[in-house]
Structures are given as C-alpha cells and as structure tokens.
1. In the stretch 234-257, how many are among the polar types (S, T, N, Q) and within 14 Å of the ligand (Cβ to nearest atom)?
2. Confirm whether residue 42 is more than 16 Å from residue 254 (Cα to Cα), surrounded by fewer than 24 Cβ atoms within 10 Å (Cβ to Cβ) and under 20 Å from the mean Cα position of the chain (by Cα).
3. Give the stretch 391-413 a look and list any residue that's surrounded by fewer than 19 Cβ atoms within 10 Å (Cβ to Cβ) and part of a helix (DSSP H, G or I), or say none.
4. Quick one: which of 274, 286, 265 is over 17 Å from residue 166 (Cβ atoms), over 16 Å from the mean Cα position of the chain (by Cα) and not in a helix (DSSP H, G or I)?
5. Have a look at 23, 46, 65 and point out the one that is closer than 28 Å to residue 168 by Cα and not hydroxyl-bearing (Ser, Thr, Tyr).
6. Out of the stretch 220-245, which residues are part of a loop (DSSP other than H, G, I, E, B), small (Gly, Ala, Ser) and out of contact with any Cys (no Cβ under 9 Å at 6 or more places or on another chain)?
7. Let me confirm something: among 306, 409, 353, which residue is farther than 14 Å from residue 95 by Cβ and within 16 Å of the ligand (Cβ to nearest atom)?
Amino acid sequence: MENNRPNWTSRVTFILAAVGSAVGLGNIWRFPYIMGQNGGAIFLLVYLSLILTICFIPLFAELAVGKITKKECIGAYESVNPKFKFLGFLNPFTGVLISSFYFIVGGWILNYIYLSLSNTKIDDFGNYFSLFTQSSIPSCGFTLIFLLICIIFTARGIKKGIEFANNVLMPLFALILAGLIIFSLSLPNAHLGLEYMFKPDFSKVNAHMFLAALGQALFTLSIGMGALLTYGSYIKEDKSITKSTYMIIFSDTLFALMAGIMIFPAIFSFGLEPNSGAGLVFVTLPYIFSNIPHGSIVSAAFFILLLAAAVTSGISIIEVPVASMTERFKISRKKACFILFWIISAIAIPASLSFGVLDNVKIIGKTIFDFLDFATSNVLMPLNALFLCIIAGWFLKIRGEQFISNRFLAKLFDIGLKYIVPLILVSLLYIGLK
Ligand code: PFF
C-alpha cells in the first residue's frame, strides 16, 4: 500500500499546495478582524515575533513527521508507538469538526459573490448579514455547495484535483489581491490605514493579545490538525523540507500583511472602525464596495479572491480524513469523499442553523457554531500540536542539526521542540479552557 501512495509532482507543487492550505479565511477574514480587535500594529508586531520564533518549530515538525513516516495521521502516530494510535485519530476528527464551521463561512462567501454579480442593492449590510446567517435554506444551501466544490477537487486525487486546484487558484488569488491593493491604496486618506497597521502603540500590549496572536498563528499556518503532516507524507524521499518550511511561513505572513494592506486603508478612507469583529469582511467591506464606483466588480473580485483562498484550505482540511479512510480502511478515494460529504453535512447543517432556528441549542453554554470554533481552535488544535511536538522531539528524535547548519540555532530548535513549544501549548490550552 505504502508504495502506491501518491507523491507531489515537484517541490513547487508541494509548496503551492502547502501555501494554499495555510493561506485561507485565516488570512483574509480572521487576521484583519483579530488585528482590528487587538490594537492594530502592536498586535502585528507580537504576531510576527511569534511566527518567526515559535511557530516555525511545530510547522517543521509536522511536515517532518509526515515525510519520515510516509503515512497518514493515524498510521504515522501508530508507527512511532502503537499506543499513540488514538492520538492520531484526533487529527481527522479535528478536521471533520473544523470543516463543519469553516465551510459555513465558505457558504457566506458564495452568497456574497452571488450578491455582487447580480448587482443586488442592500441598504443595511449589518441587518442583511444577520438575516442571511439566520436563514435556513439559503445559508445551508450555500454551505453545501461550498463543501461539494472542495469534495470534488479532493475526490479527483492529489495530481488531478489538489495540485490542479492550487496551480490555478493560488495565482488567481495573488493576481486579484495585487489589483485590490492598488485600488485600496489609491483611495483618499489610505495612509491612515497603513499607520494603523505599522505604527505600534506599546501601551496596548496585554496578555490576551499574546494568546490571540498565538491562536491566530497556529490556525493560519494550518498547524495542529494533520493537514501538513498528510501533505508532508506525499513529499518524495530526496526533497528537503527546510526551505519549504521557510517558504510556507514567508508566503502565509506576506499574504496576511497584504490582506491588511488591502482592507485597512479602505476602512480608514471611509472613516469606519477596524474593530467590528467577524463582520469586518461581511458588513464593513460590502458597505465600502456599495459606495464606490464600479463597486460590484470590486466586490465580486474580493469575494472570488476569498473563495479561492478558502477552497485551497478547505481541500487540505478534507484531505486529512480522506487519507486516513483510504489508507487505513482501504476505502477508495471517491467513496471516502462521498461518505465524508454526508458526515460533514450532518454537523455543518445544525451548526449553520445555530445562527437561526437552533440558536437556543447550547453545548457548554455556546451555540453549535461557537462550540465547534471553541473546541477546535482552543482545545483540539493546540492539543494535536502538543502531541505532535512530543512525538517529534522525544520519540522520533528530530534534531535541529539534521537541517540547520548553525549549531547554536540547531540547539535552540531542539530546546524549543522538546520543552518551550510544549510548555507554551499547555499554557495556551489551560488559558483557553478556563
Ligand atoms: N490555515 C487555514 C486558514 O488560514 O484559513 C485554515 C486551516 C487549514 C486550518 C487547514 C487547519 C488546517 F489543517
């Protein structure tokens, strides 16, 4: 079976797929609003420091475990020690839960593309957004269409589906982003948005900001769900992952910065507040688009950009349970995708309805959607990342000297992987669960 495992066509297609996984709603929807809620430039500074020092380590470790074991998550953990099989299961399980709420936001994007292309006039976007999310058939319908798009690409396999989607969608994404940045920077008072992003106010530093930055960094880099482990397991033996790790971190950070440079100048140009939370992209930006010349074209371009990013990430989330089902349980890829479609729908539909008819159904005091977000971002992803670092550092004995030529930096990597990152992840879990 192992010999029949697919491989990436080349290092470039692997990097494109890994960057496609990392760059998603986390960069364009989540990053700007979390930054807006946490003081702008100072959050960015904390975020960048964490990415460069701490997050590099679990990202590298996840790719390395995949590449060394050449197995999907459950098999990878089991091959280190049969007792770890259960920990491996947590990865595809997390994937199913993440996809259930990630794809709801994907559905919202599809609806906004439809709105822009049909040139629908809306007076109050705040009201529109809450009515749409509360609706049953339209919001569930768009969620299922988005899920179907990702499932179809995944069902076509690594080369014909995943590589193809990334090869087409990632350049399209970069192109639209560049165009929108030029447009946003040409608006009056655009410099106020840049100041907000790049002039830190040190008086705003607080502990919560570190937590928010770390949670965002893990999510945006796709760490802690097995997506990078699974993608890493398709790398050919002779290819190094050190440069790829740098490329993924660099590209993901660059795209998050570019998303900010696209969004904040427009917000400040219209005298709006950057701290409106999750509605920033679905309420504040559409309001701006509706007040500029050719706004529906700009709006359609923006939401198509968001869709491209969300699809390439969505595919990587689905690939984790698909890989486990095909390799572990010997189910064909197409059948695995078919089964997953129903499993994810069965969770995503109630989660979508939790904005409307099911809003009184609560799990530990949270709506279904909020619970899924909480369970994955605050608990399962840090937990998976913790197990992964322990397995990589203590059992597989991955060492910095194997890939870092500077001995001091290599030693720092070892200490980070074995002690510092696990400690930070335990603290993140403790605070997140409080
Ligand atoms: N990194 C993706 C984003 O920023 O939208 C989300 C994600 C993809 C998280 C894949 C986890 C994952 F395994």
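1. 2
2. no
3. 394, 395, 401, 402, 407, 408, 409, 410, 411, 412
4. The conditions single out 274.
5. Every option except 23 fails the conditions.
6. Those that are part of a loop (DSSP other than H, G, I, E, B), small (Gly, Ala, Ser) and out of contact with any Cys (no Cβ under 9 Å at 6 or more places or on another chain): 222, 224, 240.
7. 306
So that you can scan it fast, the table gives a plain yes or no per residue for (1) basic (Lys, Arg); (2) in contact with a Leu (Cβ under 7 Å, 6 or more places away or on another chain); (3) modelled with pLDDT of 90 or more:
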position: 247; (1), (2), (3): no, no, yes
position: 251; (1), (2), (3): no, no, yes
position: 256; (1), (2), (3): no, no, yes
position: 262; (1), (2), (3): no, yes, yes
position: 275; (1), (2), (3): no, no, no
position: 279; (1), (2), (3): no, no, no
position: 287; (1), (2), (3): no, no, yes
position: 297; (1), (2), (3): no, no, yes
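The values are calculated or read from the model by the stated rules, or taken from the named source; none is laboratory data. What you see is a predicted model; the values in this text were computed from it and never measured. Counting neighbours? That spans all protein chains shown, and the Cβs are built from the backbone with ideal geometry, glycine included.
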